[in-house]
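The structure appears below as structure tokens.
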């Protein structure tokens, strides 16, 4: 396993973990269930996770406090149930949404604009097809990305990425 595919457990105190068998994993899931939250990891900075800080969407290296800032409920899209929306676990009723292409954490005001801004379409990963990328619902040429560790929705252009102008921004994945 490499750093990109490894996600340390919450509140991990050490870097080494012992694996468990499929039977042990299935036993844990049957007893405790799966978590009701997800964490989103950056594909090009595998130690960084999507979080909110002062209502701004960003990626930061884990661990950080409060660690709950990186926990999201991935719910059916507010504008279209075929999409997804990301509700904050520690601020229920607040969702990641874009405003002027920047990602923020805002309370749901139940307007059509908010619902569309807070809805994303899950697609095959642009950086790695084994992961996921998230396309903006109401700006379908723009994807959830980061620039200087701040989250945005930006267009993806392989021509500009190959020329190096877009390298600081990469699609985010789960």
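Read-outs: derived from the displayed coordinates by stated rules, not from any lab. Being a predicted model, the structure only gives us computed values, none of them experimental. In this analysis, Cβ positions are derived from the backbone assuming ideal geometry, glycine residues included, and neighbour counts consider all displayed protein chains.
In terms of the mean number of neighbouring beta-carbon atoms within 10 Å, the peptides 47-58, 119-130 order highest first as 47-58, 119-130.
P(r) for segment 95-161, from all Cα pairs and a bin width of 10 Å, is 21, 52, 23, 4 %, short bins first. Per-residue Cβ neighbour counts within 10 Å put 137, 25 in the sequence 25, 137, beginning with the fewest. Could you work out the relative contact order of segment 37-173, using alpha carbon pairs under 8 angstrom and six or more residues apart, expressed as a whole percent? Computed value for segment 37-173: 21 percent relative contact order. Assuming a ≥ b ≥ c are the square roots of the Cα gyration tensor eigenvalues, decide whether segment 37-173 counts as rounded (a/c under 1.5), prolate (otherwise, with a/b larger than b/c) or oblate. Oblate, since a/c reaches 1.5 and b/c is not below a/b.
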